Amino acid sequence: MAASSKATVVLKAVKKITVQFCPFESNVRSTREFLVMVGSEKAKATNINCEVIPLVMHDKSPPVVDITYLDGEKLVLKGANLTSKEMLNAFQSLCTDKDLQAKLALKK
């Protein structure tokens, strides 16, 4: 986690992030690491209106991250078979695309 935690997380284009996992399952490490990254004070400072909601379940449910962007688009990451770095890369690439679209819309 040390290498991935140095990545800058920008929540500018995000409305809500829901992170759901059962802590007693063996495949939740990457999802918990992702939660630490997006739930950090530094990340939250990039968008104070973004909700980061951890849902800790005890029902053997698979780890899932549900991201809702400001434009209504959703991204669902199923953390059981992904690393935290893969999850962060997918999340950040879509955030970057949304930010570029917003900048282009402002220029028009």
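Taking only protein heavy atoms and a 1.4 Å probe, the accessible area of region 9-81 is 54% carbon and sulfur. Report, in listed order, any pair from 42/103; 74/107; 60/98; 42/107; 42/74; 15/42 with a Cα-Cα distance greater than 27 Å. Going by Cα-Cα distance, 60/98; 42/107 fall outside the 27 Å limit. Counting charges near residue 61 (Lys, Arg +1; Asp, Glu -1) among other residues having Cβ under 13 Å from its Cβ returns a value of -1.
Only four residue types carry charge here, +1 at the Cβ of Lys and Arg and -1 at the Cβ of Asp and Glu. Report the dipole size of region 22-108 about the Cα centre in Debye, rounded to the nearest 20.
Details: 12 positive and 11 negative charges, 52 e Å.
It comes to approximately 240 debye.
Accessible area per residue for the chain, computed on protein heavy atoms with a 1.4 Å probe, is 63 Å². Can you tell which of 75, 93, 19 lies farthest toward the positive end of the dipole of the chain, using +1 and -1 charges on the Cβ of basic and acidic side chains (Lys, Arg; Asp, Glu)? The one lying farthest along the dipole's positive direction is 93. Between residue 25 and residue 47, the simple label model (points 7 Å from Cα in the Cβ direction) yields a spacing of 2.5 nm. Relative to the longest principal axis of the Cα atoms of the chain, helix 84-107 runs at roughly 20 degrees. Taking all protein chains together and rolling a 1.4 Å probe, residue 103 ends up with roughly 110 Å² accessible. For residue 68, the accessible area of its heavy atoms, probed at 1.4 Å with every protein chain present, is near 20 square angstrom. Computed over the chain, the range of Cα coordinates on each principal axis works out to 50, 28, 23 Å, biggest value leading. For GluC sites (Glu not before Pro), the sites in region 42-88 that DSSP calls loop and that have at most 16 other Cβ atoms within 10 Å are 73.
The values are calculated or read from the model by the stated rules, or taken from the named source; none is laboratory data. From a predicted model like this one, the values you see are computed outputs, not experimental measurements. Ideal geometry is used to build each Cβ from the backbone, glycine not excepted, and the neighbour counts take in all protein chains shown. Surface accessibility is based on the protein's heavy atoms, side chains included, excluding ligands, DNA and RNA. Shrake-Rupley method; radii C 1.70, N 1.55, O 1.52, S 1.80 Å.
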